[in-house]
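The values are calculated or read from the model by the stated rules, or taken from the named source; none is laboratory data. Just so it is clear, the structure is predicted and the values come from calculations on it, not from any experiment. As a convention, Cβ positions derive from the backbone with ideal geometry for all residues, glycine included, and neighbour counts pool all protein chains shown.
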Amino acid sequence: MAMLTQRARILSLATLLLASASCSSDKHPVPAAEPGAPDLSGVWQIAQPLSALQTETHEAPPLLPAAQTLYQQRLTASRAGDNSWDDTAKCKPPGEPRSLFEMGWPFQIGQSPERVVFMFQWNRYVRVIEMGLKLPDFDGPFFYGRSSGTWEGDTLVAHVIGVREEVALDTSGLPHSDDMKMIERFRLINGGQQLEARIHFEDPATFTRAWDTVLVFNRLPETAMLEDHCLDRLHLPNSYRPTLGDRGGAEPGSAGKH
Amino acid sequence: MVSAADPQDLRGFWFGRGASERSYAANDRPGPRTRSKYELALLCLVDPGVEPSGGEIFQTPAVITWLKNTDLRARRIYLNVEHTRDIKPTYAGHSIGHWEGATLVVDTVALQGTFGYVGTSFHRPGSDIYDQVTRPGQKLPPPTQYFKNEIVMATPTLHVIERIHKINNGTQLEDDLSYEDPATGMTPYTMQAIFSFGKAGAYLEQFCEDGNDRFGPAYAEDISRSGHK
């Protein structure tokens, strides 16, 4: 029965996803690009690999004592080879914002007037920023939370709530609570060859004050996304495993140069 | 940049309505290589890109990205390039495409993993697809047992050609697929899927890997038992 339930959950996705969907008979149904909004589409990779987030001024995040204790426990466990605190070891999603830089692997952005979709190489997970979504006071919690986006000039501003407490904010295990709120600001820099993400964290249950971090991503060729199946990667020794720098045999310059 | 009025602009959300009544160009059952999709799906294996599924299409001059709504995983079609050398088989395979007028011609190779139609939500009793993958004389199972039907496995030698184009003033998308796998003796066959343009509601996250903590060392054993390679 449990297996049936699991399968039913998988197949119910389409129903859930399209709960408020409708078909259209418009003669010109293809959406126009949103006027004035920059196009963030492309493949991006963290410019400087990292495992632990720092503040904008390169300091450790301002953790409250209880959160600091939890963080130290995770660090100690990791040093001892114990990753039981980390659900990514079970192939569960790294969540937000960790997925943006986990293992240094790239992600692809797809953009429409209705949403901006982050398609991560890491186990092919997907995170969505719904444009103009009305957020409740609390939602979820979800691995990637619930994100509502707006355009402020050249910047995509995403308000994020409801990120699961058990999802660490980074690879080192930086904690947070279910009540954390994030504001992410994405914009193209350096002539569109880089993407900047300024992330603002507010979580009075975890941090002594709100704090910001800045991440920078390099644009990669659009052929750079490879397939990753986490369960195979972890448990089938001979399975296909994308590696950092592996481009799947893509011919240099054969496609996707942006 | 693609434009809204361009027949080569496929951007938008396309709902899988399943196969039309013209579905299969016919022949017999697709082939002898069958496994339980039900069982494979429990292992969080993914459907290959060549299993028609509705979803959202993103498009750049270099890549068409089809975010399938059955598993929220992306399929990518690289435009105007050749298949890369020494392709490693993957669940999505390697898809390349080019435009022939208003038709996107897609060539997919290097597939592995599951493949099939029974069990997906849009299959209806009596549809050609349903009849095609159901054993002759087999009675229609109740919906909860759809998953127990056998399916065709996608192998690295499976070759799929698709011709995708808009119909009905651009409100629908037609995907004509042909499958052949001479290396395994599979009977070549064709099918057709129709998708309708629509407006999707907000995505809700749901991940197979979150629903089952049993994944671990037993995974390899489960994979072996399932017959998946």
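Considering only residues of the stretch A:61-114 that are touching a Phe, Trp or Tyr at 6+ places or on another chain (Cβ under 9 Å) and of a type in the set (S, T, N, Q), which is farthest from A:Gly173 (Cα to Cα)?
Filtering first and then ranking leaves A:Ser112.
Of (1) under 26 Å from A:Arg74 (Cβ atoms); (2) part of a strand (DSSP E or B); (3) within 14 Å of the chain's Cα centre (by Cα), A:Phe201 satisfies all except one. Which?
For A:Phe201, the failing item is (3).
Filter the stretch B:63-75 for residues that are at the interface with chain A (Cβ under 7 Å from one of its Cβ atoms) and either of a type in the set (S, T, N, Q) or under 16 Å from B:Val105 (Cβ atoms) (or both) and give the result.
B:Val63, B:Thr65, B:Asn69, B:Thr70 - these are the residues of the stretch B:63-75 that are at the interface with chain A (Cβ under 7 Å from one of its Cβ atoms) and either of a type in the set (S, T, N, Q) or under 16 Å from B:Val105 (Cβ atoms) (or both).
Residues being in a loop (DSSP other than H, G, I, E, B), free of Cβ contacts under 8 Å to residues at least 60 places away in the same chain and more than 24 Å from A:Trp105 (Cα to Cα): count how many of those fall in the stretch A:116-163.
Matching residues across the stretch A:116-163 total 12.
From the list A:Val157, A:Val163, A:Val128, pick out the single residue that is hydrophobic (A, V, I, L, M, F, W, C) and either touching a Cys at 6+ places or on another chain (Cβ under 9 Å) or within 10 Å of chain B (Cβ to nearest Cβ) (or both).
Numbers: A:Val157 fails: either touching a Cys at 6+ places or on another chain (Cβ under 9 Å) or within 10 Å of chain B (Cβ to nearest Cβ) (or both); A:Val163 fails: either touching a Cys at 6+ places or on another chain (Cβ under 9 Å) or within 10 Å of chain B (Cβ to nearest Cβ) (or both).
Just one listed residue meets the conditions, A:Val128.
In the stretch B:114-132, which residue that is crowded, with 23+ Cβ neighbours inside 10 Å and either outside any loop (DSSP other than H, G, I, E, B) or touching a strand residue (DSSP E or B) at 6+ places or on another chain (Cβ under 6 Å) (or both) is modelled with the highest pLDDT? Full working, then the answer.
Of all residues in the stretch B:114-132, those crowded, with 23+ Cβ neighbours inside 10 Å come to B:114-117, B:119, B:129.
Still in the running and either outside any loop (DSSP other than H, G, I, E, B) or touching a strand residue (DSSP E or B) at 6+ places or on another chain (Cβ under 6 Å) (or both): B:115-116, B:129.
Numbers: B:Phe115: 57, B:Gly116: 51, B:Ile129: 38.
Restricting to residues being crowded, with 23+ Cβ neighbours inside 10 Å and either outside any loop (DSSP other than H, G, I, E, B) or touching a strand residue (DSSP E or B) at 6+ places or on another chain (Cβ under 6 Å) (or both), the top hit is B:Phe115.
Looking for whichever is assigned to a helix (DSSP H, G or I), of a type in the set (S, T, N, Q) and touching a residue at least 24 places away in the same chain (Cβ under 8 Å) here; the options are A:Ser51, A:Ser99. Which one fits?
Details: A:Ser51 fails: assigned to a helix (DSSP H, G or I).
Answer to the check: A:Ser99.
Scan the stretch A:115-151 for residues that are of a type in the set (Asp, Glu), out of contact with any Phe, Trp or Tyr (no Cβ under 8 Å at 6 or more places or on another chain) and within 20 Å of B:Phe58 (Cβ to Cβ) and report the count. Outline the logic, then answer.
At the first step, the residues of the stretch A:115-151 found to be of a type in the set (Asp, Glu) are A:130, A:137, A:139.
Now drop any that are not out of contact with any Phe, Trp or Tyr (no Cβ under 8 Å at 6 or more places or on another chain), which leaves A:137, A:139.
Remaining after also requiring within 20 Å of B:Phe58 (Cβ to Cβ): none.
The total comes to 0.
What number of residues within the stretch A:89-122 satisfy the criterion of being out of contact with any strand residue (DSSP E or B) (no Cβ under 9 Å at 6 or more places or on another chain) and under 22 Å from B:Thr65 (Cβ atoms)? Show your work before the answer.
Of the stretch A:89-122, the ones out of contact with any strand residue (DSSP E or B) (no Cβ under 9 Å at 6 or more places or on another chain) are A:89-92, A:98, A:103.
Filter once more, so that each one left must be under 22 Å from B:Thr65 (Cβ atoms): A:103.
Total meeting the criteria: 1.
Among the residues of the stretch B:83-104, what is the count of those that are of a type in the set (Asp, Glu) and either within 7 Å of chain A (Cβ to nearest Cβ) or closer than 27 Å to B:Cys208 by Cα (or both)? I'd like the intermediate steps shown before the answer.
Keep residues of the stretch B:83-104 that are of a type in the set (Asp, Glu), which gives B:86, B:100.
Now restrict to residues that are either within 7 Å of chain A (Cβ to nearest Cβ) or closer than 27 Å to B:Cys208 by Cα (or both): B:86.
Total satisfying the criteria: 1.
So which of A:Asp228, A:Asp170 ends up being in contact with a helix residue (DSSP H, G or I) (Cβ under 6 Å, 6 or more places away or on another chain), within 14 Å of chain B (Cβ to nearest Cβ) and either surrounded by fewer than 22 Cβ atoms within 10 Å (Cβ to Cβ) or part of a loop (DSSP other than H, G, I, E, B) (or both)? Lay out the reasoning, then the answer.
On the way: A:Asp170 fails: within 14 Å of chain B (Cβ to nearest Cβ).
The match here is A:Asp228.
If you take just the strands (runs of 3 or more DSSP E) that sit entirely in the stretch B:11-85, which of them hold at least 2 residues that are crowded, with 20+ Cβ neighbours inside 10 Å, on the phi < 0 side of the Ramachandran plot and modelled with pLDDT of 65 or more? It would help to see each step written out before you state the result.
Values: elements: B:12-19, B:34-36, B:55-59, B:63-68, B:73-79.
Ranges flagged: B:12-19, B:55-59, B:63-68, B:73-79.
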